[in-house]
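Just so you know, all these numbers are worked out from the coordinates, no wet-lab data involved. It should be emphasised that the depicted structure is a prediction, and the values quoted were computed from it without experimental measurement. Backbone-built Cβ (ideal geometry, glycine too); neighbour counts: all protein chains shown.
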Amino acid sequence: MRKPLIIAAFELMATGLYTLATLHEQVTVMGLRSRPTKRRPNGSPIGLETLRKMLRDRYYIGWVSFKGVEYKGRHETFISEELFERVQRVLDSHQGAGVRERQHPHYLKGWLFCHRCGKRFIVQRARGNGGEYYYFFCIGRQDATCDHPYVPVEKMEEAIEHYYAAKVRVPEAFLSEVRSMVDEAVATDHSLTDDMRKQFARRLQTLDKQENYFLDLAAEEGWPKEKLREKLQAIRTERSSIQRNLDNAAQQLATGRDMFYRALDLLARPAELYAQGDEVVRSTLNKAFFAKFLIDGTKVADGALKEPFDGLVDAADSDEVRVYLREIGSLPRRSSGARGGRARSANPQIATCPTLLTEDGAPLDDLSLTEALELALLERARGSSNTVMVGAAGFEPATPRL
């Protein structure tokens, strides 16, 4: 039967441990085939492009398309929207990293960029008297815009391993402190009030009416289909967001805490995991921690950590400075409050927005949990313990007032 094999294909890709090519090999061995036809009653092994289209097909989460407009279908669905979205993020990350499967595969491909010119490194095979070997080089050399030397693959692997050991390190004492702060934040109940639930219910009714209206327009000739698709997509996106808030209000903080704990566990010994791991483990760690590495010579000049690791590592570094200053008796004086400037200077890339309250009760919006922890640690270093980290919105993005 195709159904369990299709489910397995989505679940395997969602782990992030497979590329499209390696997943294709796996599902072919498992027996995934095309639908039976008169000419091929047993079907045939699916191709790589067919697998890619299948993993992108919203049919599996209940949607059908007619004349360019999506409608909710009545067919059986066996892939959850959550699983489908995880798969889309994995596929998008492969594209964003420039991962190509066919020539000279290497787990560092897509993550290496030149510190001198900013262009990507690619891997190349060479033959010589000593046999066959591989090296990385900046594509700027191809048009003579960069003079970065060629780097043997082994040297590049060593450079990344050394960078993990030198830069991706967080003291256990700091991790314990962060865990305590997260537990303290989750200890308070932040479930939705009855009034908020009523507001959500009224908004859902309004969205249903709007969707029916636009679907009626889509069935008529002469209306701009692209505009209608945008309107329908906006309605469905808002409805999904509201429904998630309603369904998961009681679980948001606990789920966020568990995910944050996983990040903290990775930070406990990342260099050891990377050094001992095989290519799959190293590729997975790179995907989890970094957006890219900037290479200069045979060293990593810089690495762009992903959220939440960027904030945690920066906060840990600041915490080490705080400890040092306290030991030498030069801890900076406390500033005149955190309203505005400090809060607004937090990492602009982070999208989640729990509410933060300063000592005087003033809300600091647009902060993620990581930023809230950073600010709380800063205030603690300056002598304050009254910062309230997480408000009613919890870990998820705050929903606009209706």
Worksheet item: Once you list every other residue whose beta carbon is under 14 Å from the beta carbon of Gly62, what net charge do they have if Lys and Arg are +1 and Asp and Glu are -1?
Response: -1
Discussion item. Are there any GluC sites (Glu not before Pro) in the stretch 1-91 that are in a DSSP loop and have at most 13 other Cβ atoms within 10 Å? List them by number.
Written reply: Glu76
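Could you give the length gained on full extension between Lys67 and Thr145, defined as 0.36 nm per residue of separation minus the Cα-Cα distance, in nm?
On the way: separation 78, 0.36 × 78 = 28.08 nm, distance 4.76 nm.
Result: 23.3 nm gained on full extension.
How much FRET efficiency would the formula 1/(1 + (r/R0)^6) give for Arg35 and Glu158, where r is the Cβ-Cβ distance and R0 is 45 Å, rounded to 0.05?
Values: r = 49 Å, r/R0 = 1.09.
The pair Arg35/Glu158 has a calculated efficiency of 0.40.
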Worksheet item: Taking a point 7 angstrom from the Cα of Ser176 along the C-beta vector, which residues in the stretch 260-277 have backbone N less than 16 Å away?
Response: 265, 268-269
Fill in: Spacing of the two label points (7 Å from each Cα toward its C-beta) at Ile7 and Asp258, in nm
1.9 nm
Fill in: Cα gyration tensor, the stretch 3-160 - rounded (a/c under 1.5), prolate or oblate
prolate
Discussion item. Modelling each spin label as a point 7 Å along the Cα-to-Cβ direction, I'd like the Lys299/Met54 distance in nm, to one decimal.
Written reply: 4.9 nm
Worksheet item: Taking a threshold of 28 Å on the Cα-Cα distance, which of the pairs Lys225/Lys287; Lys3/Lys109; Lys155/Lys287; Lys198/Lys231 fall above it?
Response: Lys225/Lys287; Lys3/Lys109
Practice prompt. In nm, give the distance between the simple-model label positions of Gln210 and Arg89, each being 7 Å from the Cα along the Cα-to-Cβ direction.
Written response: 2.6 nm
Response to the item:
For 111-122, 37-48, 296-307, ranked highest to lowest by mean beta-carbon neighbours within 10 Å, the order is 111-122, 296-307, 37-48
